[in-house]
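Below: the structure, in structure tokens.
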Amino acid sequence: MSTTDKNAVIETEEQQALRAAVATLGKRYGRDYFTRIVAEEAHPDALWSEAAKLGYLGVSIPEEYGGGGGGITELSIVLEELGAAGSPLLMMVVSPAICATVIARFGTDAQKQQWLPGLADGSLTMAFGITEPDAGSNSHRITTTARRDGHDWVLTGRKVFVSGVDIADATLIVGRTEDARTGSLKPCLFIVPRETPGFGRSQIDMELQAPEKQFELVLDDVRLPADALVGDEDAGLLQLFAGLNPERIMTAAFAVGMARYALGRAVQYAKERTVWKSPIGAHQALAHPLAQAHIEIELARLMMRKAATLYDAGDDMGAGEAANMAKYAAAEACVKTVDQAVHTLGGNGLTREYGLASLIVASRVARIAPVSREMILNFVSHQSLGLPKSY
Ligand SMILES: Cc1cc2nc3c(=O)[nH]c(=O)nc-3n(C[C@H](O)[C@H](O)[C@H](O)COP(=O)(O)OP(=O)(O)OC[C@H]3O[C@@H](n4cnc5c(N)ncnc54)[C@H](O)[C@@H]3O)c2cc1C
């Protein structure tokens, strides 16, 4: 029974059709395509454009702006299936999931007109920068500051690990503005076009084998027009959370896709490789960890589905807990599955030819980003269980 068949009861016909169609596209590109573009230091432009043309990248963007009018449920199906085929598009976590969602929900009419049709048809891409070198997991500590200068905004600060800034037309930067009444700094989102003077980037040398690169950013008096501020200055936190839940759900989809891909490769190998009388998959020492991986992936998918359903129903608070749990469960399932998959292949698990070893690094991404395993355990300890805080 394929994954698609098993979703028949919990997914609508449209969602099943989307899943099947994306899986077909993913298979056409597959792991070989991904490996080749990484080796050539190229970008997955062909897959990105084709996925966009077929309406997959814009599936969650409102129809009036050229999107499919669906939700994060549909968008996560797209990313999961591309990942399961071995060719995930990391920028989907950022461009359509965070940036388009925030602009669609809170942007001005002009921002919606300017960005959403392009984000939907893939002709525009937007990165997202919140992490700072001196704040890390403590995003309350970010210091990128926006001050008013006449009608303009002037941004100063630093960001780190921001993905895809080189290929993105703009980056949605999380900064702070000073509250005139209280003097305290409140979060605000700014759209910073890539070539804006003062917006410097340098690539971080990562061990990760992926086409999307990470950058350190320096914002040195970056002057922006008044309309670079997304939506309302007083609703910054609300806007931010509107983007962060989709980011977590999409990171879960990224991890589930990768885990499914690794498990598929391992199971196939375990059925074929024979060194005693029967294939190695007959030994329970190999079969049981693969079965466990399958169970844990399915559980993570279920939580991902719950989080996406809550989010799409407009329950931001409920979605918050579920999105955190889904991201946690998916990342842990992914790390464990990849580890077992590599082991299942014996020496071949470490060869370039089989291409699984590089997933050991890649599978860790979802454990640390966009919010680390420990910060999710902190969230659940404090918010869900009401336990006291240590920090
Ligand atoms: C491949 C990749 C892509 C990324 N893309 C982006 C992007 O596009 N945009 C963006 O803004 N950011 C991005 N990030 C950054 C990512 O979100 C951060 O790395 C993450 O939030 C953790 O921050 P940090 O690296 O500073 O770790 P730190 O905050 O320094 O944490 C280090 C360790 O300490 C632990 N820790 C910290 N505080 C606590 C605590 N209170 N209790 C228990 N443990 C704690 C953490 O869990 C972690 O294990 C990316 C990161 C990677 C690796």
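Applying a threshold of 26 Å to the alpha-carbon distances of 271/306; 27/213; 53/327 flags 271/306; 53/327 as lying beyond it. The peptide list 85-91, 295-301, 325-331, put in order of mean Cβ contacts within 10 Å with the highest first, becomes 325-331, 85-91, 295-301. Quote the Stokes-Einstein diffusion coefficient, in whole µm² s⁻¹, for segment 3-124, based on the Kirkwood radius over alpha carbon pairs, a temperature of 10 °C and a viscosity of 1.306 mPa s. Taking Rh from Cα pairs, D becomes 108 µm²/s.
Is the C-alpha gyration tensor of segment 130-182 telling us rounded, prolate or oblate? Criteria: a/c under 1.5 is rounded; beyond that, a/b larger than b/c is prolate, otherwise oblate. Here segment 130-182 falls in the oblate category. In terms of other Cβ atoms within 10 Å, 241, 199, 128 run from fewest to most in the order 241, 199, 128. I'd like to know which of 385, 143, 73 lies farthest towards the positive end of the charge dipole of the chain, counting +1 on Cβ of Lys and Arg and -1 on Cβ of Asp and Glu. So the residue furthest toward the plus end is 385. The equivalent ellipsoid that matches the C-alpha gyration tensor of segment 128-231 spans semi-axes of 24, 16, 10 angstrom, in descending order. Cα gyration tensor of segment 237-384, axes a ≥ b ≥ c as square roots of the eigenvalues: rounded (a/c below 1.5), prolate (a/b > b/c) or oblate? It comes out prolate by the Cα gyration axes. Within the same chain, lysines fewer than 8 places from residue 186 are excluded, and of the rest, those with a Cα less than 22 Å from its Cα are 159. Note on the chain: with charges restricted to the Cβ of Lys and Arg (+1) and Asp and Glu (-1), its dipole about the Cα centre is near 1300 debye.
By the equivalent-ellipsoid construction on the alpha carbon gyration tensor, the chain comes out with semi-axes of 36, 22, 21 Å, ordered largest to smallest.
Here 303, 250, 317, 92 are placed in order of increasing Cβ neighbour count within 10 Å, fewest first, which gives 317, 303, 92, 250.
The mean sequence distance of close C-alpha pairs (under 8 Å, at least 6 residues apart), as a share of the length of segment 117-241, puts its relative contact order at 27 percent.
Below 8 Å between Cα atoms, with a sequence gap of 6+, how large is the relative contact order for the chain in percent?
14 percent
Read the figures in this text as sums done on the coordinates, not as results from a lab. Predicted model, so just to flag it, every value in this text is computed and none were measured. All Cβ positions, even for glycine, are placed from backbone atoms using ideal geometry, and neighbour counts span all protein chains on display.
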